[in-house]
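Taking it in order: structure first as structure tokens, then the write-up.
Values quoted throughout were computed directly from the atomic coordinates according to the rules given, and no laboratory measurement underlies them. Bear in mind that the values here come from a model prediction, so they are computed numbers and not experimental data. Note that we place each Cβ from the backbone using ideal geometry, even for glycine, and neighbour counts take in every protein chain shown.
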Amino acid sequence: MYSLKKIIKKFLLRISPSWRSENVILQNNRYLREILFASVFNDSIRNVDWIKKNTFSPSGASVNYSFLYILFKILDFVRPKNILELGMGESSKLLFQYAYANKDSRLYCVDDNKFWMDKVKEENKDFNNDNINSLLLNLKEKNINNFKIKAYDKLIENLNDLKFNLILIDGPCGNSRYSRFGALELITNNLAQDFVIIVDDYDRKGEQDLAEAIILKLNELKINYEYCVYRGIKFQAIIYSKKFNYLETL
């Protein structure tokens, strides 16, 4: 778990002279950046008219504060019409409230765990609306370069020809290599002309594989894009249409 109090406590314990190894310094930098993102995120959402409920609690395997801050800024600045979330959780709290306030938008949330999906929907029941859709999909096994990975089964079939302006990739559970590669099909089938893609857990090799594959696919399709990386306790790769080049300076 990495609540803000625990992040600060860990950082204070690790700044004694006996802990001054290179790895610890790098980890301390992560803690410091996360504390900064937590502060900026909480300041940024204060008095925002479409955020009615501030119960965000980043921890463990959920998204962290850098992710929440980036997502909030994208929602507030880009104002995406069609949103796809792969892997429900803390980010859903922002997305449900955004979609509830913007009735002309459409939100599709995908997960493979019914218990978890029901829990998230219950936590956000005050913001349920006809433009918010939850897709419970089984997982299938895929073989990518002799690595076995898990992917959402029949994801493309369930989304039909919907084109998404914002795609969040934080599910299913990751792999050591080629993590969440099932999302790669979305680039060909479901990407809007103006788009933002968030790849969470970019500090891991498996998600770095995914971001690289997305970029290669965009090059193959001759789609112009830019990208940047945000770093808190976890990292996020942001890949976006060139018109959104301000996203690298959030």
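In what sequence, highest mean first, do 228-238, 35-45 appear when ranked by Cβ atoms within 10 angstrom?
228-238, 35-45
If you take the charge dipole of the chain about its Cα centre, with +1 on Lys and Arg Cβ and -1 on Asp and Glu Cβ, which of Ile35, Tyr230, Val196 is farthest toward its positive end?
Among Ile35, Tyr230, Val196, the one farthest towards the positive end of the dipole of the chain is Ile35.
Assign unit charges at the C-beta atoms only (+1 for Lys and Arg, -1 for Asp and Glu), then state the dipole size of the chain relative to its Cα centre in Debye, rounded to the nearest 20.
With only Lys, Arg, Asp and Glu charged at Cβ, the dipole is about 680 debye.
A 24 angstrom limit on the alpha carbon distance is what I want to check against. Which of Lys52/Lys73; Lys103/Lys242; Lys81/Lys234; Lys73/Lys103; Lys52/Lys242; Lys52/Lys154 exceed it? Let's see the in-between values first.
Details: Lys52/Lys73 16 Å; Lys103/Lys242 27 Å; Lys81/Lys234 27 Å; Lys73/Lys103 19 Å; Lys52/Lys242 32 Å; Lys52/Lys154 34 Å.
Over 24 Å apart, Cα to Cα: Lys103/Lys242; Lys81/Lys234; Lys52/Lys242; Lys52/Lys154.
Based on the mean of other beta carbon atoms within 10 Å per residue, what is the order of 63-71, 112-120, most packed first?
Peptide ranking by packing, descending: 63-71, 112-120.
Indicate the helices, whole DSSP H runs only, in the chain that combine a mean Kyte-Doolittle hydropathy of 0.5 or more with a Cα extent along their long axis of 15 angstrom or more. Let's see the in-between values first.
On the way: long enough: 22-44 (33 Å, -0.16); 65-78 (19 Å, 1.59); 90-101 (18 Å, -0.09); 205-220 (22 Å, -0.33).
TM-like helix candidates: 65-78.
Would you report the distance distribution of C-alpha pairs in segment 198-250 as whole percents per 5 angstrom bin, up to the bin with the largest distance?
Reading upward from the zero bin: 5, 21, 28, 24, 16, 5, 1.
Determine the percent antiparallel among the DSSP beta bridges restricted to the chain, to the nearest 5. List each step's numbers first, then the result.
Details: 17 of 36 bridges.
Around 45 percent antiparallel, to the nearest 5.
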